[in-house]
Each structure stands twice: as C-alpha cells, then as structure tokens.
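In what follows, a single structure is set out as structure tokens and then discussed.
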There are 2 protein chains.
Amino acid sequence: MSDYGEPGRTPDRLKGRPSWLLGRAAARSAALLREGFAEHGGGLRGYHYRLLAALEQWGPASQAELGRDTGIDRSDVTAALLELESLGLVEREVDSANRRRKIVSMTPSGADRLRSLDAVLDGIQESLLAPLTPAQRGQFTAILARIADQPRE
Amino acid sequence: MSDYGEPGRTPDRLKGRPSWLLGRAAARSAALLREGFAEHGGGLRGYHYRLLAALEQWGPASQAELGRDTGIDRSDVTAALLELESLGLVEREVDSANRRRKIVSMTPSGADRLRSLDAVLDGIQESLLAPLTPAQRGQFTAILARIADQPRE
DNA sequence: ACTTCATGTTGGCACGGCCAACGGTGTATG
DNA sequence: CATACACCGTTGGCCGTGCCAACATGAAGT
C-alpha cells in the first residue's frame, strides 16, 4: 500500500473480518509510531521504548529479564541495547555475582528520553482514538486487553 | 519473543496503551494466520488471500486495480501474483485494448483454494474473539472499523 | 566430575509495509 | 504531429517486528 493514490474499495471477505480490521488498525498505529519516533524520537524504535519502559519501572535488570518483560527475543534485545548504549541512554555491566549476566541500567539521559517518547506515544493514542467517544474508548481498551491477554493455546 | 519460557510481566507504560494492546492483538491474529495457512493453506500468505478475494468479488482486474483494492503495493502484487500463477490459481494476459495492463483472472482451482482459505480464516476469527460475548464482538468490530477507516491525515 | 540449564551473542529467515527507478504504453497538450 | 505527462508492471532495495538455531560461557544440580 503506497504509491498509487486512491485507496480503492475493499473485498467483502476482508471488510467484515475482525482479523482484517485488527491488522489495518495496527498498521495505522504502527505508521503513526514510526512517523512520530522518526520526528521527535531521535530515530528510536518501538523496541527501544519498550526496554526503557521496563527499566524505568523495575530498575536495573538482566537482558533476559528485559526480554521476558517486553516480549522481545533475546537476540533482538541485544541489538537494541547496543544501540541504546551507544546513545548513552543505557549502561551495561557484567553481574559480578553471576558473571553470565549483564545488568542493564538506565542513565538519567535515558530517563529524559523516555519521558519525551511518552509524549509522542500519548499523541498517538489521541490520533488513534480520535473518532471514538470516551465511552467507546473504554470499551475498546477493555476488549482489546482481553484479546491480547489470551493464552497462546 | 520466543525461546525463553514464561512471558513475564508488562510495564505499566505499555499495559494500558491502546496502541500497545492493538499491536499485541494484531500479533496474535497474525500468528494464527501464519500457522493456519502453513497447515491448511498450501503455503500461501495473507497477500495471496487478499488478491484471490478481490478477484472473486469483482472478477478479472489489472494488477494496479488489485493493488488498490487490497492495499498491497504494486511491487508486492507482482511478486504474489507470480506465485499464484505458478500454482495455477490465477492467470494473466496483457489487455489487448490497453497493452500496458495485465488482466488477472482466477482459475477454478484458485476459487477452490480461496474457499478453503476462507475456512481457515473463519477459524481464526473464532479463536480471536473467543473470550468475547456476542454483544462485545459486535461492538469490537464496529469500533475497529471506525479506527481502521480513519483517513490518513 | 558430569550433565543440565540459563545467558548473551551471532546470523539467519519470514512477513507485511514501503519507496525509487526503469522501460513500455497510453493520453492530453502544445 | 511532437512533446510532455500520467499510468502500468517489474526489479531491487530498505525497515521493523517476530522468530529460530547454534554457540561459548558460566552456573547449578546430580
């Protein structure tokens, strides 16, 4: 989807299916995040935000812990942390009491950046939920949570 | 997200945000689709289903039309159609009255396949909406539609 | 001691979403 | 008519997210 101008119609087979709508809505959300982070996020991505959020909330943690809390694969955690580290937003040191671990902690500069990303995120929620009444927003979030938290059967 | 066992907790910053929940829910949906299509879909992907759906509904069309109707980029349409063609699910021929176009039509075999993919898709909706009451399903779909159809400001 | 497991890292793949550029073709304008 | 413009299919590339396999290291359990 891009390039050519008008969106065109949508096949009925897709139009009514929740999975299709879900995908489209998520695509919109992802696009907003991409644009927002590109403009006001210093080139960071969703992965970075997730990691900083976990660090802010629970303090220093090992990479494996971070992965579990953010739903990011260990390998991807490594890559994203390297980037955060090179930006001075995060520091890593081997756990002296468990030398296979690396304890990651957020720098003050990282905390600042997190707060500015928060603002971007909040703006995205607004754009996303714009067409909804406050009551609908509540319903929507609640229902979404039930679907998202479903056990992976 | 994989490998390591337990999911772990989720930062509050993410937990409540619609954009986060939307992404997670969509990820679940995508995973179900991937698994379902891998098992009962003959190795086809979402793109293929979208294209077949458009062809079934409106009959033969040019690739650009298909792209507009399915929300797939021209280049990706080309690739997906090549695959569908090599599977005998679709045929292409240059429009004699407009030689820059290629008119794509679905073969009977393609129609059969579409119907079998429909079944997979229906199963996915069920898994996805399982935790919801019928009333909630309606609300959810309606709200989702409003969000998904929002104009790209 | 030996096995088993967790950790971080590397390197790879899939999928959806995009964009740029090109050659070929049609249409509209000068 | 010639020229510019817009469209079409194709190629080739990039990104972000979600995964998986394999490996070396270190720790824990037997």
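The values are calculated or read from the model by the stated rules, or taken from the named source; none is laboratory data. Bear in mind the structure is a predicted one, so any value in this text is a computation, not a measurement. Ideal geometry is used to build each Cβ from the backbone, glycine not excepted, and the neighbour counts take in all protein chains shown. Remember, those area values only see protein heavy atoms, side chains included, never the ligands or the DNA or RNA. Shrake-Rupley method; radii C 1.70, N 1.55, O 1.52, S 1.80 Å.
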Filter result for residue A:68 (open to solvent by 50 Å² or more (accessible area, probe 1.4 Å), among the charged types (D, E, K, R) and over 22 Å from residue A:32 (Cα atoms)): yes
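If I go through segment A:60-94 residue by residue, how many of them are closer than 18 Å to residue B:8 by Cβ and near DNA strand C (Cβ under 9 Å from one of its atoms)? Let's see the steps before the verdict.
Kept after step one, since they are closer than 18 Å to residue B:8 by Cβ, are these residues of segment A:60-94: A:60-78, A:80-81.
With the extra rule that they be near DNA strand C (Cβ under 9 Å from one of its atoms), the set shrinks to A:61-68, A:73-78, A:81.
The qualifying residues number 15.
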Output for segment B:8-31, where each listed residue is closer than 12 Å to residue A:50 by Cβ, of a type in the set (A, V, I, L, M, F, W, C) and open to solvent by 20 Å² or more (accessible area, probe 1.4 Å): B:20
Meets criteria (within 13 Å of DNA strand D (Cβ to nearest atom) and not in a helix (DSSP H, G or I)) for residue A:72: yes
From the options A:132, A:128, residue that is facing chain B (nearest Cβ under 8 Å), part of a loop (DSSP other than H, G, I, E, B), at negative phi and away from DNA strand D (no atom under 15 Å from the Cβ): A:132
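Just one of B:34, B:9, B:28 is more than 10 Å from chain A (Cβ to nearest Cβ), of a type in the set (D, E, K, R) and under 29 Å from residue B:144 (Cβ atoms); which is it?
Working: B:9 fails: more than 10 Å from chain A (Cβ to nearest Cβ); B:28 fails: more than 10 Å from chain A (Cβ to nearest Cβ).
Criteria check complete, one pass: B:34.
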Which numbered condition residue B:143 fails, given (1) within 12 Å of DNA strand C (Cβ to nearest atom); (2) modelled with pLDDT under 95; (3) not hydroxyl-bearing (Ser, Thr, Tyr): (1)
Among (1) within 12 Å of DNA strand D (Cβ to nearest atom); (2) basic (Lys, Arg); (3) part of a strand (DSSP E or B) - the single one residue A:92 does not satisfy: (1)
Test set (1) more than 7 Å from every other protein chain (Cβ to nearest Cβ); (2) in contact with a Ser or Thr (Cβ under 6 Å, 6 or more places away or on another chain); (3) part of a helix (DSSP H, G or I) - residue A:22 fails condition number: (1)
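Output yes when any residue across segment A:50-70 is closer than 30 Å to residue B:61 by Cα and out of contact with any helix residue (DSSP H, G or I) (no Cβ under 9 Å at 6 or more places or on another chain), and no when none is. Break it down stepwise before answering.
So the first thing to find is which residues in segment A:50-70 are closer than 30 Å to residue B:61 by Cα, and the list is none.
No, because not a single residue in segment A:50-70 is closer than 30 Å to residue B:61 by Cα and out of contact with any helix residue (DSSP H, G or I) (no Cβ under 9 Å at 6 or more places or on another chain).
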Residues (open to solvent by less than 50 Å² (accessible area, probe 1.4 Å), free of Cβ contacts under 8 Å to residues at least 24 places away in the same chain and within 13 Å of DNA strand C (Cβ to nearest atom)) located in segment A:32-50: A:46
Identity of the residue in segment B:92-140, open to solvent by 60 Å² or more (accessible area, probe 1.4 Å) and of a type in the set (Val, Ile, Thr), that ends up modelled with the lowest pLDDT: B:133
Selected residue (only one of A:116, A:109, A:105, A:86 is at negative phi and within 16 Å of DNA strand D (Cβ to nearest atom)): A:86
